[in-house]
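See structure below.
The values are calculated or read from the model by the stated rules, or taken from the named source; none is laboratory data. Note that the structure is predicted; figures quoted are calculated from it, not measured. So basically every Cβ, Gly included, is an ideal-geometry build from the backbone, and we count neighbours across all protein chains shown. Areas reflect the complete protein model, heavy atoms only, side chains present, ligands, DNA and RNA absent. Shrake-Rupley method; radii C 1.70, N 1.55, O 1.52, S 1.80 Å.
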Amino acid sequence: MPLFDLSDRVKLRVTGSDRVRFLNGQMTNDVRKATADRALAACVVNAKGKLDALVYMSARPEEVLLDAEPEVRATLAPRLERYLIADDVTIEEVTEDFALFHLTGGNAPPLPNERTWRQARRFGTAGWDLLIDAAEHDRVLALLAAESPLCAADEAERLRIEAGIPRWGRELSDQIIPVEANLAEETIDYAKGCYIGQEVISRMKMSGQTSKRLCGLVAIDDAPLAAGWLLFHPETGKEVGRITSATRSERLGHEIALGFVKRGSNEIGTRLSAHHAEGQTARVEVVELPFR
């Protein structure tokens, strides 16, 4: 089971008697389903259904804990606080107070002392989070790394891309609707009740259509790919998308990428032309995610 050090993620503690009701009005998933031993993924979106953040949340008797990618550290708490009116809710940033580790695997790891792991699906597969005091980071990291290899940043990025998992600053931004990034199954509860942005997301579900969707791409001639390359339909010459992340997958033996491709050009098996601004080109094929 590979080990991931996610301690740089922004962490918020939400307290107060109205915390669950308030957060349920801000999140795409049902906060009531979050528990102390299960971290639940959810999106925070604006009134147009576009992303403000992708978060994981767990609940303890007097608080809800949120964590999100470090890129939204300056914006997530203010975004939530903007909708506080007369609610008994306090939002406190506790990023520096806690360290966060993650292990993939179906079975809970042996506990370091009395610590409790919580279930969390972060890399497209079953896994486990461990949230501890920041002062214990080095000691617990050494303990965990003795049993499981610590993933370096480039290896974690490769695994993320192979699993088709979007991340902030690559696939995710304030221009993306969660459904477009394949986040619906893990992050959206369509029966939970009203939240900001719900109308847009519900309409998208009813229509069954999106203008674009996050796709897997494989280089047909095994040419290296890179984020930022534009995608064109080879027959019409029209621009139909853009690569957002790319890597070499030794497991698959291919150059692979993630990218958003417009409706009409994103069916599995469609072949597209990828172009770099400096003139490099490559042929790619749309494939199912996760990569297999």
Item checked: Förster radius 41 Å - calculated FRET efficiency between ARG242 and ARG115, Cβ distance, rounded to 0.05 -> 0.45
Check: Using only helices, what value at 222 nm comes out for the chain when you add -39,500 (n - 2.57) per DSSP H run of length 4 or more and divide by the total residues, to the nearest 500 deg cm²/dmol?
Finding: -4000 deg cm²/dmol
Note to self: Using Cα springs under 10 Å in a Gaussian network model of the chain, which residue among ALA223, ALA156, ALA146 shows the largest mean-square fluctuation?
What the structure shows: ALA146
Check: In degrees from 0 to 90, rounded to the nearest 10, what is the angle of the helix 153-163 Cα long axis to the longest principal axis of the chain?
Finding: 70
Notebook entry, point to check: On full extension of the chain, what length is gained from GLU267 through GLU157, given 0.36 nm per residue of separation minus the C-alpha to C-alpha distance?
Noted result: 37.1 nm
Notebook entry, point to check: Based on the Cα gyration tensor of the stretch 24-99, what are the three equivalent ellipsoid semi-axes, each the root of five times an eigenvalue, rounded to whole Å and given largest first?
Noted result: 18, 15, 14
Next item on the list: Let me know the number of lysine pairs in the chain closer than 24 Å at the Cα, not counting same-chain pairs under 8 apart.
Entry: 18
Check: For ALA108 and GLU96 in the same chain, what is the full-extension length gain: residue separation times 0.36 nm, less their Cα-Cα distance, in nm?
Finding: 1.7 nm
Check: Can you work out ³J(HN,Hα) from phi for every residue in the stretch 215-227, in order, using Karplus 6.51 cos²θ - 1.76 cosθ + 1.60 and θ = phi - 60°, giving whole Hz and x for Gly and Pro?
Finding: 10, x, 10, 10, 6, 5, 9, 6, 7, x, 10, 8, 4
Check: Averaged per residue, what accessible surface does the chain expose to a 1.4 Å probe, in Å²?
Finding: 48
Margin query: Please list, in order along the stretch 43-58, the HN-Hα scalar couplings obtained from phi with the Karplus expression 6.51 cos²θ - 1.76 cosθ + 1.60 (θ = phi - 60°), rounded to whole Hz, x for Gly and Pro.
Written below: 10, 9, 10, 8, 5, 8, x, 8, 5, 9, 5, 10, 10, 10, 10, 9
Item checked: Net charge, ASN46 excluded, C-beta distance under 13 Å - Lys, Arg +1, Asp, Glu -1 -> +1
Notebook entry, point to check: Quick one, which of [x] 7, 29, 37, 23, 5, 0, 0; [y] 6, 23, 27, 22, 15, 6, 1, 0; [z] 6, 27, 32, 24, 10, 2, 0 is the actual P(r) over Cα pairs in 10 Å bins from 0, in percent calculated for this model?
Noted result: [z]
Note to self: Through the Karplus equation 6.51 cos²θ - 1.76 cosθ + 1.60, θ set to phi - 60°, convert the phi angles of the stretch 68-76 into ³J(HN,Hα) values in whole Hz; use x for Gly and Pro.
What the structure shows: 8, 5, x, 5, 9, 4, 7, 10, 5
Notebook entry, point to check: At a 1.4 Å probe radius, carbon and sulfur cover how many percent of the accessible area of the stretch 126-270?
Noted result: 52
